[in-house]
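Nothing in this text is a laboratory measurement; each read-out follows from the coordinates by a stated rule. Predicted, not measured: the structure shown is a model, and the values here were computed from it. Glycine also receives a Cβ, built like all others from the backbone with ideal geometry; neighbour counts cover every protein chain displayed.
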Number of protein chains: 2
Amino acid sequence: MNEVMKSIITRRSIRSFQKKQVENEKLELVLHAATQAPNGMRQEPWHFTALQNPELLKKLDLLVAGEGKSFFYHAPTLILVSIEQGNRFAQADTACAMTNMMQAAHALGLGSVWCNRINGNNEIDTKLTEYGIPQGFQVTATLALGYAAEPLPEKLEHKVNTITYVR
Amino acid sequence: MNEVMKSIITRRSIRSFQKKQVENEKLELVLHAATQAPNGMRQEPWHFTALQNPELLKKLDLLVAGEGKSFFYHAPTLILVSIEQGNRFAQADTACAMTNMMQAAHALGLGSVWCNRINGNNEIDTKLTEYGIPQGFQVTATLALGYAAEPLPEKLEHKVNTITYVR
């Protein structure tokens, strides 16, 4: 089967990570994939922040999830997607970039999962400049990234009858 | 380079199509890719309608774009993504499925482009049962699909300084 199709079909969300950090080369490829995503009117209103600093990761977890919890499953890398405030394609562009990153990560032997905790929380999502979010940008999604600590989850069951052909 | 990365980097939006129809096998793979997309809480609130009937395609164009115009660039296949009305992940799930389809299409030698005309138009988007949209679903995006009539567009220029590393 086509390599891309195979990768699309075998990708899974990963929620358990090794402590081993993602190599710079792989991280750069994942982020490059994000920047190549389709987006509305080619505005590319996005910024991608790769957070790997252990103290800041812990501090962010404390802020978002609370003591002793991790909203990104203690992944060694957290990629924060932020979009210029007010952009009307914010949600779609975010999801396109996230999908590209998840596919790239899987193809490079990494695991990832989309974590929805910061976005939509206005107490937090626009006040993260110390974490590398530019002024005027709002966090719209985050991606936990690292090496899976467990084998890939089994093939998932999917809904049936989700496709109609009109010929 | 990794085949998936290569495909992500070389994908382009295609806005000019041959009359040649997409083979059933390829169409099924593109739609299968859609169903494998990440989605919020694994609700899979989506439906995918592959419209290839020439009369219905023409009728839809007349309804949406008006006489003599084509909002999907006269592609031989139009895939309509619809989501259960009221689902809170509608926009993100749609974009994830669209991205998977665009990647799959490119990897299979097809061209595609995201067309935003039906969604957000409440005069139209919930009244398309004759086009294969289930009752209670709302069209959130459409994908023009076919063989490109021109060579792939050149490498695009992208915004710079869209990535920050915090280590």
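Let me know the charge dipole size of the protein assembly as shown about its Cα centre in debye, to the nearest 20, where only the beta-carbon of Lys, Arg (+1) and Asp, Glu (-1) is charged. Intermediate values should be presented prior to the final figure.
Values: 34 positive and 32 negative charges, 42 e Å.
Computed charge dipole of the protein assembly as shown: roughly 200 debye.
Going 7 Å from the Cα of B:Glu55 toward and past its Cβ, which residues in region B:131-151 have a backbone nitrogen under 15 Å from where you end up?
B:131-132
Placing the label point 7 Å from Cα along the Cα-to-Cβ direction, what are the distances from A:Lys69 to the equivalent spots in the other copies, shortest first, in nm to one decimal?
4.9
With the crude spin-label approximation of a point 7 Å out along Cα→Cβ, what separation in nm comes out for A:Glu67 versus A:Lys127?
Spacing of the two 7 Å Cα→Cβ label points: 2.0 nm.
If each label sits 7 angstrom from Cα along the C-beta direction, how far apart, in nm, is B:Pro153 from its counterparts in the other copies?
Those label-point separations list as 3.6 nm.
How far, in nm to one decimal, is B:Thr129 from itself in the other copies if the label point is set 7 angstrom along Cα toward Cβ? Shortest first, please.
Result for B:Thr129, in nm, nearest copy first: 5.5.
Compute the distance in nm between two label points, each set 7 Å from the Cα along the Cα-to-Cβ direction, one at B:Gln21 and one at A:Ser13.
In this crude label model, B:Gln21 to A:Ser13 measures out at 3.8 nm.
Would you calculate the volume per residue, in Å³, of the smallest convex hull containing every Cα atom of region A:3-146?
Working: hull volume 14.9 nm³, N = 144.
Cα convex hull per residue, to the nearest whole number: 103 Å³.
Within 10 Å of each Cβ in peptide B:40-47, how many partner chain Cβ atoms are there on average? Round it to a whole number, please.
Working: counts 3, 1, 5, 1, 4, 2, 3, 5.
For peptide B:40-47, the averaged partner shielding equals 3.
Are any of the pairs A:Lys20/B:Lys159; B:Lys59/B:Lys127; A:Lys19/A:Lys127 more than 21 Å apart by Cα-Cα distance, and if so, which? Mind dumping the intermediate values first?
Numbers: A:Lys20/B:Lys159 31 Å; B:Lys59/B:Lys127 14 Å; A:Lys19/A:Lys127 28 Å.
Beyond 21 Å: A:Lys20/B:Lys159; A:Lys19/A:Lys127.
Mind listing which trypsin sites (Lys or Arg not before Pro) in region A:1-104 are in a DSSP loop and have 15 or fewer other Cβ atoms within 10 Å?
Details: sites: A:Lys6, A:Arg11, A:Arg12, A:Arg15, A:Lys19, A:Lys20, A:Lys26, A:Arg42, A:Lys58, A:Lys59, A:Lys69, A:Arg88; in loops: A:Arg11, A:Arg12, A:Arg15, A:Lys19, A:Lys20, A:Lys69, A:Arg88.
Of the trypsin sites (Lys or Arg not before Pro), the ones in loops of region A:1-104 whose Cβ has at most 15 other Cβ atoms within 10 Å are A:Lys19, A:Lys20, A:Lys69, A:Arg88.
Residues of B:23-35, mean number of Cβ from any other protein chain within 10 Å of their own Cβ, rounded to a whole number?
Working: counts 0, 2, 0, 1, 2, 2, 6, 1, 4, 5, 4, 3, 6.
Whole-number average of other-chain Cβ neighbours for B:23-35 is 3.
Fewest to most neighbouring Cβ within 10 Å: what's the order for B:Ile14, B:Ile118?
Working: B:Ile14 24, B:Ile118 27.
Neighbour counts put them in this order, fewest first: B:Ile14, B:Ile118.
What do you get for GluC sites (Glu not before Pro) in region A:2-67 restricted to DSSP loop and a cutoff of at most 15 other Cβ within 10 Å of the site's Cβ? Don't skip to the answer; put the middle values down first.
Numbers: sites: A:Glu3, A:Glu23, A:Glu25, A:Glu28, A:Glu55, A:Glu67; in loops: A:Glu23, A:Glu67.
Filter output for region A:2-67: A:Glu23, A:Glu67.
Extending each Cα 7 Å along its Cβ direction at A:Glu84 and B:Met1, get the distance between those two points in nm, one decimal.
Each label point is offset 7 Å from its Cα along the Cβ direction, giving 2.6 nm.
Which far-off residues, 5 or more places away or on another chain, put their amide H under 5 Å from the one on A:Thr164, with H placed in the peptide plane?
For A:Thr164, the qualifying residues are B:Phe48, B:Thr49, B:Ala50.
Roughly how big is region B:1-144's charge dipole about its Cα centre, with Cβ charges of +1 (Lys, Arg) and -1 (Asp, Glu), in debye to the nearest 20? Each step should come with its number before you reach the end.
On the way: 14 positive and 13 negative charges, 95 e Å.
Charge dipole of region B:1-144: 460 debye, to the nearest 20.
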